[in-house]
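Shown next, in structure tokens, is the structure this report addresses.
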Amino acid sequence: MIRKIGVVTGGGDCPGLNAVIRAVAKAATQRGWETVGIIGGYEGLLEPRQSLILDYQAISGLLTRGGTILGTANKGRFSAKTGHGETRQLPVELLEATREGMAALGIDALVSIGGDGSLSIALQMHEFGIPLVGVPKTIDNDLEGTVMTFGFDSAVGCATDALDRLHTTAESHRRVMVMEVMGRYAGWIALYAGVAGGADVVLIPEIPFDYETIVAKIMAREAMGKHFTLVVVAEGAREAGEDFVTAAGQEANREARLGGIGAAVTAELERRTGKEARNMVLGHLQRGGSPTPFDRALCSMFGAAAVDLIAAGDFGRMVGYQGRGVGSIPISEAVGRLKLVPLDGSLLRTAEALGICLGR
Ligand code: F6P
């Protein structure tokens, strides 16, 4: 018998977290349940516990608001991910303390909103006997079990808008403009924004690139009288035979901070083509701001479906968007693997059909 549920946001933030929180609280209220938000990620369940009653007043205005009113964390005691496929087993004492925290707050079940890292933690909690369900979040869209994670559409909107703006200045100055977007292992943002924004070159982690191919594309455009080129590069893209480009200041027990491939590509293209080139890193702009209408609807569906799972006692499952609607799969089938851009997928084939250079 459920009377009170908890909701927690973990990992990097993204547009739509608040919209899911709102949908969970609203759908729970319809069932006569109370909802409690856990502050600061899973840490909020531990002493000194921090939580917030999500009544009508607390969730007012959340549909459109960026970030998460609950706060989030991707480091600390609950950090489970240090790299892809590397999951740290949480100590039993921590899992026990989590269960105690839920009991102390009177929470009968938890909605865990997160990406691969936070849902890997959720899986361990579920296997420990903690009743919970998952909601898939990440702007990178690289989580299995859902055609789309929430936050992705908003990030693509941001990147496409930026590309539209770069387009005009690139043309005015006859420059090569390179835009670095997020996308650690998967190039979903780069590819969608690249196609939507009319990029000439899109470099994604799934396809190691070769500079000569890109130079040939730029020169072919020159020959056609197109004196500017737009390049979109995912932060996880790399030259064939090379490793990820990482940012300075790496922290222990965390995934490597990526960043810098845009600058490297810009310098190399300038050197090889003799054309003036500029680099622009879109960075966390992609994670901020209001969710798009699509994401708002997706977040609402996800939140309501998560509450349905709890009502049905279907714990250990993650809601997912299957194209025609929202369903669910076991969290164990979603985490620890990556949903990469398929090399024979329609968007990639479309990009090539339109003459977009993928660096191969
Ligand atoms: O996983 C989502 C993501 O946006 C990645 O694309 C990026 O590498 C990472 O988060 C950045 O995280 P942080 O904000 O901790 O630097």
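The values are calculated or read from the model by the stated rules, or taken from the named source; none is laboratory data. Fair warning: this is a prediction, and the values are worked out from it, not measured in the lab. Every residue, glycine among them, receives a Cβ derived from its backbone with ideal geometry; neighbour counts consider all protein chains shown. These area figures cover heavy atoms from the full protein model, side chains too; ligands, DNA and RNA do not enter into them. Shrake-Rupley method; radii C 1.70, N 1.55, O 1.52, S 1.80 Å.
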Checklist entry - Residues in segment 8-29: is at least one farther than 19 Å from residue 299 by Cβ, open to solvent by less than 30 Å² (accessible area, probe 1.4 Å), in a loop (DSSP other than H, G, I, E, B) and within 16 Å of the ligand (Cβ to nearest atom)? => result no
Checklist entry - Is there any pair linking a residue in segment 312-332 that is open to solvent by less than 50 Å² (accessible area, probe 1.4 Å) to one that is polar (S, T, N, Q) and part of a strand (DSSP E or B), with Cβ under 9 Å and at least six apart or on different chains, and which? => result 318/112; 318/328; 319/328; 320/328; 331/112
Item to check | Filter result for residue 297 (within 26 Å of residue 334 (Cα to Cα) and either touching a residue at least 12 places away in the same chain (Cβ under 8 Å) or aliphatic (A, V, I, L, M) (or both)) | outcome: yes
Checklist entry - Counting residues that are within 18 Å of residue 329 (Cβ to Cβ) and open to solvent by less than 20 Å² (accessible area, probe 1.4 Å), which strands (runs of 3 or more DSSP E) fully inside segment 66-170 reach at least 3? => result 109-114, 132-136
Item to check | Any hit, segment 287-301, residues being assigned to a strand (DSSP E or B) and either open to solvent by 40 Å² or more (accessible area, probe 1.4 Å) or at pLDDT 95 or above (or both) | outcome: no
